[in-house]
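Worksheet for the structure shown next.
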Amino acid sequence: MASSKEYLNFVLENLSDLEDITHRAMMGEFIIYYKGKIAGGIYSNRLLIKPVKSAVEYMPTVSYEIPYKGAKEMLLVEEVDNKGFLTELFKTMYDELPAPKSKKKK
């Protein structure tokens, strides 16, 4: 099931206190970037983030979900309507997010 732009906009609004949040559409879903690093995405109208240690520790109850068939498990963020929670979650996990892969020159 593809994610709706309405849900994307809802999540982006709740992340609006952060600088440099961007997104990219990919096969009906949306990848969420924070300061150029992939933090997670919106899959089937669910906000899923990378399962880095700091994110696991920050969320009091953690659920692992698969974004799509064949993908690695990610963390389900249930408090998407809590702007302060989302802001701190993304700040907390930033240092552990993998650096973007450099594009190879042709």
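Taken over the stretch 46-64, residues that are under 9 Å from the mean Cα position of the chain (by Cα) and over 13 Å from D95 (Cβ atoms) amount to 3.
Determine whether the stretch 11-20 contains at least one residue that is out of contact with any Gly (no Cβ under 9 Å at 6 or more places or on another chain) and of a type in the set (V, I, T). Yes, there is a match, as at least one residue in the stretch 11-20 is out of contact with any Gly (no Cβ under 9 Å at 6 or more places or on another chain) and of a type in the set (V, I, T). A search for C-beta distances below 9 Å between a residue of the stretch 81-106 that is surrounded by 10 or more Cβ atoms within 10 Å (Cβ to Cβ) and any residue that is assigned to a helix (DSSP H, G or I) and among the acidic types (D, E), counting only pairs 6+ apart in sequence or on different chains, returns K83/E13; T92/E57. Applying the criterion of being of a type in the set (A, V, I, L, M) and at pLDDT 95 or above to the residues of the stretch 1-17, the residue that is surrounded by the fewest Cβ atoms within 10 Å (Cβ to Cβ) is L12.
The set of residues in the stretch 14-34 that are in contact with a Ser or Thr (Cβ under 9 Å, 6 or more places away or on another chain), over 16 Å from N82 (Cβ atoms) and not in a strand (DSSP E or B) contains only G28. Quick check on L47: is it in contact with a Ser or Thr (Cβ under 8 Å, 6 or more places away or on another chain), open to solvent by less than 60 Å² (accessible area, probe 1.4 Å) and modelled with pLDDT of 95 or more? No.
Looking only at the stretch 50-69, residues that are aliphatic (A, V, I, L, M) and open to solvent by 60 Å² or more (accessible area, probe 1.4 Å) come to 1 in all.
On the given criteria, is K72 open to solvent by 70 Å² or more (accessible area, probe 1.4 Å) and of a type in the set (K, R)? Answer is yes for this residue.
Does I38 fit the bill of being within 12 Å of M93 (Cα to Cα), open to solvent by 60 Å² or more (accessible area, probe 1.4 Å) and within 10 Å of the chain's Cα centre (by Cα)? Answer is yes for this residue.
The values are calculated or read from the model by the stated rules, or taken from the named source; none is laboratory data. This structure is a prediction, so every number in the text was calculated from the model and none was measured. Quick reminder, even Gly has a Cβ in these numbers, built from the backbone with ideal geometry, and neighbours come from all protein chains shown. Accessible surface is based on the protein model in full, side chains and every heavy atom, while ligands, DNA and RNA are left aside. Shrake-Rupley method; radii C 1.70, N 1.55, O 1.52, S 1.80 Å.
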